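Heads up, the thing below is written out as structure tokens.
The values are calculated or read from the model by the stated rules, or taken from the named source; none is laboratory data. All figures in this text were calculated on a predicted structure; none of them were measured in a lab. When we count neighbours, we look across all protein chains shown, and the Cβ atoms used for this are built from the backbone with ideal geometry, even at glycine. The protein model used for the area step is the full one, side chains on, heavy atoms only, and it has no ligands, DNA or RNA in it. Shrake-Rupley method; radii C 1.70, N 1.55, O 1.52, S 1.80 Å.
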Amino acid sequence: WSQCTRCDLSQTAKKHVLFRGRIPCQFLLVGDAPGEVENVLGVPFTGPIGKELDLWLDQAQEQTGPVSIGVTNLVACIPWKDATEHTGTRLPEPTEYKACLPRIGELIDMCQPKGVIFFGDVQAMTLQHRIHSSFLHNPASIIRQRISNPQLANTTAKKAVLHLIEFINSTVLYT
């Protein structure tokens, strides 16, 4: 998949951002699309967003015990607002999500997760029927929120961690 050309996003991406974590894993975390840092490094949820996510996972695992995690995005290439200038990012289009569905399906088959957590406003409904899943605030939105309303951002982050704990614990009972 590192050379995939199933959609136009691959034409302007520096790197295909595929996966980080363990295979197999107990939980697979899935975002919308890579951001600018990920586009350069080729690793999902890195930079400030990855640090936020790692903090949430560390806090959750203090309560649940260690779990193996895999992290990816529904699309592997950055969706630029302006593909010519490579500025700003946007949510992927439905056709771009659909182009990456076979990759996500293969990844789920390889990882064999007990549960999947989708971040933000992802087009995840197409995958929900396949596995125990849940939705969670996107760490990127929390980071943006910290600028305008730090107190609300911290409250939302705490809720996200509590949701992670609940999901991990419920998944143990679900499987």
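Answer yes or no as to whether Thr64 is in contact with a Gly (Cβ under 8 Å, 6 or more places away or on another chain), open to solvent by 20 Å² or more (accessible area, probe 1.4 Å), touching a residue at least 40 places away in the same chain (Cβ under 8 Å) and among the polar types (S, T, N, Q).
Criteria not met by Thr64.
Give me the residue from segment 88-108 that is touching a residue at least 60 places away in the same chain (Cβ under 8 Å) and more than 16 Å from His16 (Cβ to Cβ) and, out of that set, most open to solvent (accessible area, probe 1.4 Å).
Thr95
Just checking: which of the strands (runs of 3 or more DSSP E) contained wholly in segment 16-97 hold 2 or more residues that are at pLDDT below 95 and over 22 Å from Arg144 (Cβ atoms)?
27-31
Determine, yes or no, whether Glu85 is surrounded by fewer than 21 Cβ atoms within 10 Å (Cβ to Cβ) and more than 18 Å from His132 (Cβ to Cβ).
yes
Quick check, is Cys77 of a type outside the set (A, V, I, L, M), buried (at least 21 other Cβ atoms within 10 Å of the Cβ), farther than 19 Å from Ile143 by Cβ and touching a residue at least 40 places away in the same chain (Cβ under 8 Å)?
yes
Looking only at segment 139-149, filter to residues that are open to solvent by 30 Å² or more (accessible area, probe 1.4 Å) and modelled with pLDDT under 85; which one of those is nearest to Pro113 (Cα to Cα)?
If we take residues in segment 139-149 being open to solvent by 30 Å² or more (accessible area, probe 1.4 Å) and modelled with pLDDT under 85, then Ser141 is nearest to Pro113 (Cα to Cα).
For segment 1-13, which residues satisfy the criterion of being farther than 13 Å from Cys100 by Cα and either modelled with pLDDT of 95 or more or not in a loop (DSSP other than H, G, I, E, B) (or both)?
Within segment 1-13, Gln11 is the sole residue that qualifies.
Hey, could you check segment 36-52 for residues that are touching a residue at least 40 places away in the same chain (Cβ under 8 Å) and over 11 Å from the mean Cα position of the chain (by Cα) and say which is most open to solvent (accessible area, probe 1.4 Å)?
It comes out as Glu36.
Being of a type in the set (A, V, I, L, M) and either more than 23 Å from Phe167 (Cα to Cα) or in contact with an Asp or Glu (Cβ under 7 Å, 6 or more places away or on another chain) (or both) is the filter here, so list the residues in segment 28-73 that pass it.
Val37, Val40, Leu41, Val43, listed by residue number.
Given the criteria touching a residue at least 24 places away in the same chain (Cβ under 8 Å) and buried (at least 20 other Cβ atoms within 10 Å of the Cβ), does Gly70 qualify?
yes
Of all residues in segment 14-35 being in contact with a Cys (Cβ under 6 Å, 6 or more places away or on another chain) and open to solvent by less than 20 Å² (accessible area, probe 1.4 Å), which is nearest to Pro94 (Cα to Cα)?
Leu28
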